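Asker: One structure, as structure tokens, below. Some questions next.
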Amino acid sequence: FDFMKAILLAGGTGTRLRPATLGINKHLMPVYNKPMIYYSLSILMLCKFREVILICDTDSKKIYQKIFSDGRYLGMKIHIIVQSKANGIPEAFSISKKYLKNESVCLMLGDNFFFGQGFYNILKKGINLKKGAFFLAYNVPNPEKYAVLETKNNQILSIVEKPQNPKTNLAIPGIYFFDKNVVEYCKNLTKSKRGELEIVDLINMYIKKSFVKYEEIGRGISWLDMGSFDDLNDCSNYIRAIEKRQNFMISSLEEIAYLNKWITKKKLIKISNKYNNEYGNYLKKLCL
């Protein structure tokens, strides 16, 4: 699957999380014992994306470079590029154009958390995408807060952003797969009333051309959008409970790189020595 690139969007202003985000990018905030960005990047790594384009704001670039460098320590290529102004999610494709090289691409939002057995199997349809677009749907109790899928007889009609009267309870989580035409399609997008290009409009373009598939995430897989303080707290508690109960770490990037055979045992031991704490001890145990 290495032919497909992934974009990880970690820009934005974090308005809903102020004052906590006045001095730091939202995606760098700790969620239990790791920065938020680890949880989304780990999903891309589990999907075997070795080349990731991380898009952030100007002020955060140096911090991301300090954390990830060029990704080589994980056996990856991580390109860190800047979105200087919040012009909307689809702009990610045009500013990543030189890395995409006219190929299919996965786009993930850095504040999304997924966890559960079988999630990778659901994403396989997107990973193997040759034509069109693929996204997920998740049954939520408050669909008016999200982009919502409208269907009829299992046929996709459209995606509606935060509808007042939702036709379904199916929200669209922040991971999407698009074919090589996505950069061209983005050229035809116009800004919404918010003054941004909208991912919903891009997906609706694909829907009109009947090139769209989706998969509903069933029971047993959790999705959390870490956009509010309550969500952050819920996510932290969820991760803590699972890690303590099951005695493994969620979203340890070095562990995934090692299991993917992107780094050697020797490299993992070397990395573990940099962490003089519980995290380092966990990595050391993987090498026993």
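Asker: Sequence neighbours fewer than 8 away in the same chain don't count; with that in mind, list the lysines whose C-alpha is under 21 Å from Lys130.
Answerer: Lys5, Lys48, Lys97, Lys98, Lys101, Lys180, Lys187, Lys208, Lys209, Lys213
Asker: Sorting check: for 276-287, 177-188, which peptide has the highest mean count of neighbouring beta carbons within 10 Å, and how do the rest follow?
Answerer: Ranking, from highest mean packing down: 177-188, 276-287.
Asker: Given the C-alpha centroids of region 122-162 and region 199-252, what is the distance between them in whole angstrom?
Answerer: 13
Asker: To make sure I understand the rule: partners must be aspartates and glutamates, Cα under 15 Å from the Cα of Lys193, and not fewer than 8 residues away in the same chain. Which ones qualify?
Answerer: Output for Lys193: Glu161, Asp201.
Asker: Going out from 0 in 10 Å bins, what whole percent of all Cα-Cα distances in region 34-123 drops into each bin?
Answerer: With 10 Å bins starting at 0, P(r) equals 14, 49, 32, 4.
Asker: Please give the length that would be gained between Gln164 and Glu103 if that part of the chain were fully extended, namely 0.36 nm times their separation in residues minus their C-alpha to C-alpha distance (nm, one decimal). Please list the in-between numbers first.
Answerer: Details: separation 61, 0.36 × 61 = 21.96 nm, distance 3.66 nm.
Here the segment from Gln164 to Glu103 would lengthen by 18.3 nm.
Asker: Sequence gap at least 6, Cα distance under 8 Å: using those rules, report the relative contact order of the chain to the nearest whole percent.
Answerer: 22
Asker: Let me ask something else. Using mean Cβ contacts within 10 Å as the protection proxy, how do 195-204, 122-131 order, highest first?
Answerer: Put in order of decreasing packing, that is 195-204, 122-131.
Asker: Additional query: Farthest toward the dipole's positive end in the chain, which of Ser222, Met4, Ile269, given Cβ charges of +1 (Lys, Arg) and -1 (Asp, Glu) about the Cα centre?
Answerer: Projecting each Cα onto the dipole axis, the largest value belongs to Ile269.
Asker: Here's a follow-up. Give me the percent of the accessible area of region 121-279 that comes from carbon and sulfur atoms, probe 1.4 Å, all protein chains in place.
Answerer: With neighbouring chains kept in place, the figure for region 121-279 is 45 percent.
Asker: Hey, another quick one. Scaled to the compact-protein estimate 2.2 N^0.38 Å, what is the alpha-carbon radius of gyration of the chain, rounded to two decimal places? Kindly include the intermediate steps, with their values, before the conclusion.
Answerer: Numbers: Rg = 18.6 Å, N = 288, 2.2 N^0.38 = 18.9 Å.
My calculation over the Cα atoms of the chain gives 0.98.
Asker: Let me ask another. Please list the non-local residues whose amide H lies under 5 Å from the amide H of Gly71, H modeled 1.01 Å from N, same-chain partners needing a gap of 5 or more.
Answerer: The answer is Ile78.
The values are calculated or read from the model by the stated rules, or taken from the named source; none is laboratory data. Being a predicted model, the structure only gives us computed values, none of them experimental. All Cβ positions, even for glycine, are placed from backbone atoms using ideal geometry, and neighbour counts span all protein chains on display. Just the protein is used for accessible areas: all its heavy atoms, side chains included, with ligands, DNA and RNA removed. Shrake-Rupley method; radii C 1.70, N 1.55, O 1.52, S 1.80 Å.
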